[in-house]
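The values are calculated or read from the model by the stated rules, or taken from the named source; none is laboratory data. Worth saying up front: this structure is predicted, and the values here are computed from it rather than measured. Note that we place each Cβ from the backbone using ideal geometry, even for glycine, and neighbour counts take in every protein chain shown.
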Amino acid sequence: MKAYFFVSALILSSATWALDLGDLLKGVGEASSKKSSAPASKLSDQDVTRGLKDALVEGAGKAVSTLGRTDGFLLNDKVRIPLPESLQNVESVMKALGQGKRVEELKTSLNRAAEAAVPEAKTLLVDAIKNMSVADAKAVLTGGEDAATKYFRQATETKLHERFLPIVGKTVNRYKLTQQYDRIAGTASKAGLVSKEQANMSEYVTGKALDGLFFMIAEEEKAIRRDPLGRSSEYVRKVFGSLQKR
């Protein structure tokens, strides 16, 4: 009955669907062929902090550049943003009503919105790196394989959401289907038919964009921890390489 209500509401509405990290990265370019065998416990605080910050600059920078470009989300199966679940359930009905093209346009726009927003993460991620204390660096270094990603998320997620939301909204709200969805889903949410997270398209896409960003940062972090010796920064090789010698 709940699904029927939502489907019916969307069908009735169908007639109106007219639908750099750049400066810091220069520092990461310092190359050296030296490989340190010093255990993490014997590394200086300066080495630990520098190595961790270089690694974060490298990982976060790659994540932002990968996602913050055309097709960064749309053609990446791991982070592509789908229609909200409630729209997925009626997608075939919408196409049967001749709305297929507009549905595809909307799906593309969700991902384009995320791609446009992600570059805004640059400044906040850099600030989080600059503000990292020695204690933070040591905790991240010896933490789990996604400890740095968790640090980033805790330090930046709220502000990133604030930065992303208006950019996302500017893109997705061009579509009347989005406006229709927001009205219907907002009402359905109050009745418990749609989750709060999916009751507004801009909020939904912003949340998915953040999930995608932190997912890619986590992927980069894992790669650095697995193969620190392949990194350009001497400090990254020294600090993360020491963990592999334990």
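Structure data summary
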quantity	calculated
Single residue of Leu106, Leu74 found to be farther than 30 Å from Gln46 by Cα and either at pLDDT below 95 or in contact with a Leu (Cβ under 8 Å, 6 or more places away or on another chain) (or both)	Leu106
Options Gly207, Gly212, Gly192, Gly230; residue that is of a type outside the set (D, E, K, R), surrounded by fewer than 21 Cβ atoms within 10 Å (Cβ to Cβ), more than 18 Å from Ala139 (Cα to Cα) and at pLDDT 80 or above	Gly207
Wholly within the range 66-139, helices (runs of 4 or more DSSP H) carrying at least 1 residues that are under 16 Å from Thr156 (Cβ atoms)	100-117, 121-130
Boolean, Ile167 is assigned to a helix (DSSP H, G or I), within 17 Å of the chain's Cα centre (by Cα), β-branched (Val, Ile, Thr) and within 25 Å of Leu106 (Cβ to Cβ)	yes
